[in-house]
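Each remark here refers to the structure printed beneath this line.
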Amino acid sequence: MLNLKNNFIMKPTTLLSKMAIVFFFFLGTTAFSQNLVPAENLTPALLKQTFENAYIKVLETQDGFIKVQDTYDVFIDIDPSKRYVCFSSSYSLVAGTSSKDALELMNLLNTDIILVKSYYIEKNNSINYIAYFWTERGFSPQSMVSAFKMYVSALTLSLQKDTKKIIK
């Protein structure tokens, strides 16, 4: 018969070693935590810095928005009340595209791609894409860049869904 008491001798841990373990636990979680940026700090300059730090090319900075490029040109507009930012893009459709074909594509995109909302602008014969990233109670720069990358992925997917090739 195996006698476990003789094989495994448990040593009592001291209070100091327990406190050291707790200290290193809190130090580790603090070191890897994400700092939230308050919504009131949201400015075009902060957006520019955030996207440049993520190695995303910033093409333009204006009051209330920036324009970036990561595969596609994307406008990032700041809500006046700083509750959210809006990722948006606009693309022309091939000349002669019928409203019927454009609206069928919009229905397909809005059904299959839930990350962005697609709109057909008949007057300009163009398609607009919009997605929102909420900043109201604070946000991390990493989560904003991740949301942007998902938006770009959705744009790529929309081009793949365009089997009639009506998006320029």
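Nothing in this text is a laboratory measurement; each read-out follows from the coordinates by a stated rule. Bear in mind that the values here come from a model prediction, so they are computed numbers and not experimental data. In this analysis, Cβ positions are derived from the backbone assuming ideal geometry, glycine residues included, and neighbour counts consider all displayed protein chains.
How large is Rg over Rh for the stretch 39-161, taking Rg from the Cα atoms and Rh as the Kirkwood inverse mean of 1/r across Cα pairs? Kindly include the intermediate steps, with their values, before the conclusion.
Values: Rg = 15.1 Å, Rh = 15.1 Å.
Rounded to two decimals, Rg/Rh equals 1.00.
Amide H neighbours of VAL94 under 5 Å, counting only residues 5+ apart in sequence or on other chains, H built in-plane at 1.01 Å?
Residues meeting the amide H criterion: ILE167, LYS168.
Hey, which of these cross-link pairs are over 19 Å Cα-Cα: LYS117/LYS161; LYS67/LYS164; LYS123/LYS149; LYS100/LYS149; LYS67/LYS149; LYS123/LYS161? Display every interim value, and only then the final one.
Working: LYS117/LYS161 14 Å; LYS67/LYS164 29 Å; LYS123/LYS149 30 Å; LYS100/LYS149 31 Å; LYS67/LYS149 14 Å; LYS123/LYS161 23 Å.
Violating the 19 Å Cα-Cα cut-off are LYS67/LYS164; LYS123/LYS149; LYS100/LYS149; LYS123/LYS161.
Around PHE65, under 11 Å between beta carbons, what's the net of Lys plus Arg minus Asp minus Glu among the other residues? The partial results should precede the final answer.
Values: positive: LYS48, LYS67; negative: GLU60, ASP63, ASP77, ASP79.
Overall, the nearby charge balance is -2.
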